[in-house]
Amino acid sequence: NTLLGALSTARSEAVKRNNLVVLTRASTNWQDGWIIFTDLNSDGIFDTGEPKIQTYGAVNSGYAIKPTGNYTKRVVYRPDGRVNTPGSFDVCSPASDANFRRVVVADTGRTHIATPESLGVSYATACS
């Protein structure tokens, strides 16, 4: 839910500020947290002087966030609320629960949640 909210915040801030807004991982992986910032120089990297909109801490221990395809480092929202490329994140529970949800970002910038049942994908496939 936190990731979904962050994506929504980034999209609305891009429209409100009429500028590129980036949601990027805070370190080498997404489960360590993420940052939303206004990308004044359009390079996709948080630089000195660029406004930080919000910072999110690490997810609960045992959970993992696995980007699929285009979102290994960042999601870039344009001033019209669209993203440069669509993609998704698999949010995986600890192995003992064997559950996951896919947060899907359409090219329009809108998000939705897909379940293992709707995807026809197993926990082992998505989260290993």
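The values are calculated or read from the model by the stated rules, or taken from the named source; none is laboratory data. Keep in mind it's a predicted model, so treat the numbers as computed, not measured. Using ideal geometry, Cβ is built from the backbone for each residue, glycine included, and neighbour counts are taken over all protein chains shown. SASA here: full protein model, heavy atoms, side chains in, ligands and nucleic acids out. Shrake-Rupley method; radii C 1.70, N 1.55, O 1.52, S 1.80 Å.
Name every residue in region 116-128 that is free of Cβ contacts under 8 Å to residues at least 60 places away in the same chain, outside any loop (DSSP other than H, G, I, E, B) and of a type in the set (A, V, I, L, M, F, W, C), in order of residue number. LEU119, ALA124, listed by residue number.
Having 2 or more residues that are open to solvent by 30 Å² or more (accessible area, probe 1.4 Å) and touching a residue at least 12 places away in the same chain (Cβ under 8 Å) is the bar; report the strands (runs of 3 or more DSSP E) wholly within region 57-115 that clear it.
Numbers: elements: 64-68, 74-77, 87-92, 100-105, 111-114.
The strands (runs of 3 or more DSSP E) meeting that bar are 64-68, 100-105, 111-114.
Let's see how each residue does on (1) in a strand (DSSP E or B); (2) without any contact (Cβ under 8 Å) to a residue 12 or more places away in the chain; (3) under 13 Å from ALA58 (Cβ atoms); (4) open to solvent by 20 Å² or more (accessible area, probe 1.4 Å):
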{"residue": "GLY5", "(1), (2), (3), (4)": "no, yes, no, yes"}
{"residue": "THR9", "(1), (2), (3), (4)": "no, no, no, yes"}
{"residue": "VAL15", "(1), (2), (3), (4)": "no, no, no, yes"}
{"residue": "VAL22", "(1), (2), (3), (4)": "yes, no, no, no"}
{"residue": "THR28", "(1), (2), (3), (4)": "no, yes, yes, yes"}
{"residue": "ILE36", "(1), (2), (3), (4)": "yes, no, no, no"}
{"residue": "SER42", "(1), (2), (3), (4)": "no, no, no, yes"}
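Residues checked against (1) modelled with pLDDT of 95 or more; (2) more than 20 Å from THR85 (Cα to Cα):
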{"position": "ALA6", "(1), (2)": "yes, no"}
{"position": "VAL22", "(1), (2)": "yes, no"}
{"position": "ILE35", "(1), (2)": "yes, no"}
{"position": "ILE53", "(1), (2)": "yes, yes"}
{"position": "SER61", "(1), (2)": "no, yes"}
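Within region 59-77, the only residue that satisfies the criterion of being over 10 Å from the mean Cα position of the chain (by Cα) and within 21 Å of LEU40 (Cβ to Cβ) is TYR77.
The set of residues in region 44-56 that are in a strand (DSSP E or B), open to solvent by 70 Å² or more (accessible area, probe 1.4 Å) and in contact (Cβ under 8 Å) with a residue 24 or more places away in the chain comprises GLN54, THR55.
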